[in-house]
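Readers should treat all values here as calculations from the given coordinates under stated rules, not as data from a laboratory. What you see is a predicted model, and the numbers here were worked out from it, not measured in a lab. Don't worry about glycine lacking a Cβ; one is built from the backbone with ideal geometry, like all the others, and counts go over all protein chains shown.
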Amino acid sequence: QQLAFNCITIINSELSDNFLEAKSLEMVENRPSKQSGGIIPEHILYSCQFWVAHLQEITAPTPELQEALQLLLMHKFDLWLRVSVIKGRVQEIGPLFTWVNVSKNSLNRNQTGSDIPMQRTIVLGQS
């Protein structure tokens, strides 16, 4: 659970559009620099690549993990997906939705018992 939480926290706090602007510009100009693999720090790339896999190992998410996941899904999901595509590390997101569906009873309730919206409509190809 700690690995998933750490990865999600890194994505929430450190992943930014600034990384994409530099990488996208290189791709458009078709001139990748010698450091093109190093534009996004490795710990962020690791987090982007493995957070879903670490999340799938969890059966009883903590309230802190629930909150971090909600932030990612609401504010960083599109950015995470774009980074994954640009870096060639696209992964199947079906297991994420399966995990959310299986875990929805615990994910839909916070400590006070109020509902937390954990669904997000994703339309690929639109912002």
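Observations on the structure shown:
- Pairwise label distance in nanometres, residue 6 with residue 75, each label 7 Å out on the Cα-Cβ vector: 2.2 nm
- Full-extension gain in nm, residue 56 to residue 20, via 0.36 nm per residue minus C-alpha separation: 10.3 nm
- Theoretical gain in end-to-end length, residue 93 to residue 67 [0.36 nm per residue, Cα-Cα removed]: 7.4 nm
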